[in-house]
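Peer 1: Below: one structure in structure tokens.
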Amino acid sequence: MVEVIDAALKHLRVLDLTSTSAAYCGRVLAALGAEVVKVEGPDGDPGRWEGTSQKSAVHAQGLSFLYGNAGKKSIVIDLDSGAGQDRFRRLAADCDLIIESGAVGRMASLGLSFRDLALEYPGLIMTSITGFGQTGPGCGFRSNDLVTSALGGLMTSVGDADDPPVRLAGHQTEIISAVLAAASSLIAVMHRDRTGLGQHIDISRLEVTVAATHIAGVGKWLEDGIIPKRVGTGLVASIPSGAYRCRDGLVYLMVNRPAHWQALANWIHEVTGNEEVLLREFHGASSSRLPYRELLDVFIGDLAATLSVDEMVHEAQARHIAVTPVATALGIMEDPHLRERNFFIDLAATNNNIVQAAGMPFRTRTKNGLGGAPRHQKSVAAAAPELGQHDEEIRPGVNRAEMRSSAREGRATKSGGALAGLRIVEFGTGLAVPWIGRMLAWAGADVIKIESHAFPDVPRLFVPPRAPELGTQPECSPWFTDWSAGKRFVALDLRNPDGAELAARIAGQCDAVISNYSVGVLDKLGLAYERLSEGNAELVMLESNGFGQEGPNSRYVTWGPNIEAASGMASLGGFPNRECTLSHFAYPDPLSAAYGLVALLAGLIQRDAKGVGQQIELSQLEATIAAMGPLLVEASVSGREPERPGNREPDRAPHGCFPCLGEDRWIVITVEDEVDWAELRAVMDEPDWAAETRFSNMRARVEHVEELENRIGRWTATLEDYDIMARCQRAGIAAGVVQNAEDLLRHDPQLADRAFFEEITHFKKGRVIASGIPLGLTATPGRTTHAGSRVGQDNESVLREVLGLSDSEIAHWTEVGAIEERD
């Protein structure tokens, strides 16, 4: 059977013109039940043969293609012919969504642009995924994962100080862009279902990358003026943290709470007899331990050396310390927790072969168990289609334009955004779920965040780095703006039964609930899905956790970097000599938010269609593994660990990062064919060495890549980075500066032209600048109304408007402690 987590989107037909990693957008939609029809030219999608090193006897084409296109159908249309263009137009009448990833202007040159098709089919949605977006001075520049990783600010802080900047494993800027493209497409579907109007979605991988790396981005830089550097695996804001060697491998440890340090210190003392580790100088916040970082690393190393990876992880978790393994691909495939959760699926490949692969990270259960898949259902996904396999099946049929022509009764949208009229309640902390709420609020939803003075959210603990004498400033953190601007805030004591009851009543008046509280917390508070949906059968609830709601490790304590290690991303990326390479922006958090947004919107679309709510579980560990799907498939097929590629590709050279004039200035340059190589030689003024036989073709350059990179690095080191990029891009070569936060805000003309950074009204600071929301809704562009709310800022307005409480009732519930007074 096809791998359908839930048939939420089974009524949708998608025409898919994407290739390579962008195809994952359609893969996600197909996993949610949509009929995704891959439209290929007579020679097939070039992605069928991408990554020749991944070809295998089990599948005729590349394993990346197998993973990214499972569950789709394939038809052949020659879009360069008049007959093919006419057939595509007729098929567009019978589809809900078109997704494409061609060069800017390609669809218009065929007479098949959104503007062309929308004249005849006004309810049609088209999603375009490109490197830089459809507009702006750089919209025509070539791009790929390495270029976007550089220009988007990802690489500047990833890796070790002794190495060049490096990207993450598995083409992550393309994967997260594909997931967010699916999410934005579903926002447009919801808006279309209410208004009858489609729109063009303009996804820029550059903007997605800048948004995903915002923890180390512009907001932070404006506050402290510090450009993040590559510092290995230890985090600046969490001391101690990093990768530590046990007897049989590495673990990742992260301590950022005083109680967690105390637990770790006591454990070290018990095992090693170390008395010094108990000194009061190490107590308190992470900042108090900063001067002693190297000494504490020695203490932890002494502990780790006495234990196996399993022993250290299990004992640490028993003590509520965030320790996870630095997992390998083969280790992940055999992980008992993932096996018990039946996370892995069987992909049908060529000649009746079966390939193990990562499944989707979300699981659903509809209200009263109707229509939802069991939480631990093992599934077999359909093979990626053969070229033209469904030519006879997919023909122009019922014109869906009529079905899209009128808004759904009773749910008509108001002005104010694509999701206006939608109400969400959030029980969120940190980034993973609050960023979902932030994106929903930007798109027009009314997002109500319930919080408490007793348990402040992480960004509420912000102390201004340039004015520490002011103490904690709960409204002023740049991360609070990035994750929670635009929401309304209600302060309730959920430990008080009356406070929990008020929260349940608010949820009863909402369309959805989103939460990333630790497993079991909402249950203990009496706020489980069964309780919240008692009076609201259409309620959709998303719960996002590190290891999922069920399974032997479901209650593990984790942070984003722990997930990065436990998922294998830290061991599969980076340079060959580095066993652990970590981002410094908690990449699993924004990635999980993107997946969570897709799952939530699919649930709401199904709710609108069937009138039935559902509970959705998302595992952040599984989300991160799924984003590296092709690497896991490769390991499954070969039985070996994939090689760490650094910035290289196995079949292309040069494809790397090179030094430029100035301190820590770098540029990435990528050559994909012989035309590119000829152009690069011209840009370099035809140096004699470039004409040598060992560099004469792609295979030879790959074989001699070390010397090739050394030669190019000597040339780039004499020039300024932006000058090299301009010369390369003018020549049609995909290249990009490794930009930092200051570069992004001050020096990137593409981001400036598209007004990516938002200037937001702030209740305490007047105006603040934050990374934009990269959802690309061109007909219903979102906006952030405000930032800097106090705890309980909107108590009265929400309780009056949503629950209809009177002043006297509010006063009563405040007096008994259910409602907490605002700051």
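The values are calculated or read from the model by the stated rules, or taken from the named source; none is laboratory data. Just so it is clear, the structure is predicted and the values come from calculations on it, not from any experiment. So basically every Cβ, Gly included, is an ideal-geometry build from the backbone, and we count neighbours across all protein chains shown. The area values use the complete protein model at the heavy-atom level, side chains included, leaving out ligands, DNA and RNA. Shrake-Rupley method; radii C 1.70, N 1.55, O 1.52, S 1.80 Å.
Peer 1: Given ASN353, SER789, TYR67, which one lies farthest toward the positive end of the charge dipole of the chain, if we put +1 on the Cβ of every Lys and Arg and -1 on the Cβ of every Asp and Glu?
Peer 2: Checked the options; the winner is SER789.
Peer 1: May I pose another question? With Rg and the Kirkwood Rh both taken from Cα atoms, where does Rg over Rh land for segment 567-690?
Peer 2: That ratio is 1.13, to two decimals.
Peer 1: Moving on to the next point. Just the number, please: percent antiparallel of the DSSP beta bridges in the chain, rounded to the nearest 5.
Peer 2: So the antiparallel bridges amount to about 45 percent of the total.
Peer 1: Quick check for me: using +1 on Lys/Arg Cβ and -1 on Asp/Glu Cβ, what's the dipole size of segment 141-233 about its Cα centre, in debye to the nearest 20?
Peer 2: 240 debye
Peer 1: Keeping every protein chain in place, order GLU801, GLU311, GLU223 by accessible area at 1.4 Å, biggest value first, i.e. largest first.
Peer 2: My answer, sorted largest first, is GLU801, GLU311, GLU223.
Peer 1: State whether segment 29-165 is rounded, prolate or oblate according to the following rule on the C-alpha gyration tensor (a ≥ b ≥ c being the square roots of its eigenvalues): a/c under 1.5 gives rounded; otherwise a/b larger than b/c gives prolate, and the remaining case gives oblate.
Peer 2: Oblate is the answer for segment 29-165, as a/c is 1.5 or above yet b/c matches or exceeds a/b.
Peer 1: Follow-up. Within the chain, what whole-number % of the accessible surface is contributed by carbon and sulfur, with the 1.4 Å probe and all protein chains included in the calculation?
Peer 2: Roughly 51 percent, rounded to a whole number.
Peer 1: Go through segment 202-213 residue by residue and turn each phi into a ³J(HN,Hα) via Karplus (6.51, -1.76, 1.60, θ = phi - 60°); whole Hz please, and just put x for glycine and proline.
Peer 2: 3J(HN,Hα) across segment 202-213, in whole Hz: 10, 8, 9, 5, 4, 5, 4, 5, 4, 5, 5, 9.
Peer 1: In addition: Taking 0.36 nm per intervening residue step and subtracting the Cα-Cα distance, what contour gain separates THR306 from ASN697 on full extension?
Peer 2: 135.6 nm
Peer 1: So how strong a dipole does the chain carry about its Cα centre when Lys and Arg Cβ are +1 and Asp and Glu Cβ are -1, to the nearest 20 debye?
Peer 2: My answer is approximately 1460 debye.
Peer 1: Which order do peptides 124-130, 654-660 fall in by mean Cβ count within 10 Å, highest first?
Peer 2: With the highest mean Cβ count within 10 Å placed first, the list reads 124-130, 654-660.
Peer 1: So who's got an amide H within less than 5 Å of the one on LYS38, skipping anything under 5 residues away but keeping other chains? H placed 1.01 Å off N, in plane.
Peer 2: When sequence neighbours closer than 5 places are left aside, the close amide H contacts are ASP16, LYS73, SER74, ILE75.
Peer 1: Sticking to Cα atoms, compute the Rg of segment 198-278 to one decimal and its Dmax as the biggest Cα-Cα distance, whole number, in Å.
Peer 2: In order Rg, Dmax, the Cα atoms of segment 198-278 give 19.3, 67 Å.
Peer 1: By a straight-distance test (C-alpha under 14 Å), which aspartates and glutamates pair with LYS765 as possible cross-link partners, with residues fewer than eight away in the same chain excluded?
Peer 2: Hits, sequence-local ones excluded: GLU223, GLU475.
Peer 1: Here is a follow-up. Using the structure shown, select from LYS10/LYS487; LYS72/LYS610; LYS220/LYS764; LYS229/LYS764 the pairs with a Cα to Cα distance greater than 21 angstrom.
Peer 2: From the list (LYS10/LYS487; LYS72/LYS610; LYS220/LYS764; LYS229/LYS764), the Cα-Cα distance tops 21 Å for LYS10/LYS487; LYS72/LYS610; LYS229/LYS764.
Peer 1: Treating the beta-carbon of each Lys and Arg as +1 and of each Asp and Glu as -1, no other charges, what is the dipole magnitude of segment 198-261 about its Cα centre, to the nearest 20 debye?
Peer 2: The calculated dipole for segment 198-261 is roughly 360 debye.
Peer 1: Using the Cα centre of segment 603-701 as origin and beta-carbon charges of +1 (Lys, Arg) and -1 (Asp, Glu), tell me which of TRP677, ALA623, TRP689 is placed farthest towards the positive end of the dipole.
Peer 2: Of the listed residues, the answer is ALA623.
Peer 1: Relative contact order of the chain, please, whole-number percent, based on alpha carbon pairs below 8 angstrom and at least 6 residues apart.
Peer 2: The value is 18 percent.
Peer 1: Still on this structure: Identify, among GLN750, ALA593, SER288, the residue whose Cα sits farthest towards the positive end of the charge dipole of the chain, taking +1 on the Cβ of Lys and Arg and -1 on the Cβ of Asp and Glu, with the dipole about the Cα centre.
Peer 2: Ranked along the dipole, the leading option is ALA593.
Peer 1: Still on this structure, I have one more. Can you tell me the relative contact order of segment 746-823? Whole percent, Cα pairs under 8 Å, sequence separation 6 or more.
Peer 2: Relative contact order here is 23 percent.
Peer 1: In straight Cα distance, which aspartates and glutamates are under 12 Å from LYS73, not counting same-chain residues fewer than 8 positions off?
Peer 2: Leaving aside aspartates and glutamates fewer than 8 places away in the same chain, those within reach of LYS73 are ASP16, GLU35, GLU40, GLU386, ASP391, GLU392, GLU393.
Peer 1: Still on this model: What is the gain in length, in nm to one decimal, between SER638 and ALA678 on full extension, counting 0.36 nm per residue of separation less the C-alpha to C-alpha distance?
Peer 2: Full extension from SER638 to ALA678 adds 10.9 nm.
Peer 1: If you count only protein heavy atoms with a 1.4 Å probe, what accessible area per residue comes out for the chain, rounded to a whole Å²?
Peer 2: Averaged over the residues of the chain, the accessible area is 36 Å².
Peer 1: Please state the relative contact order of segment 618-676 as a whole percent: Cα pairs under 8 Å, 6+ residues apart?
Peer 2: For segment 618-676, the relative contact order is 19 percent.
Peer 1: So, one more: Give the distance, in whole Å, between the Cα centre of segment 93-128 and the Cα centre of segment 589-659.
Peer 2: After rounding, the separation between the Cα centres reads 26 Å.
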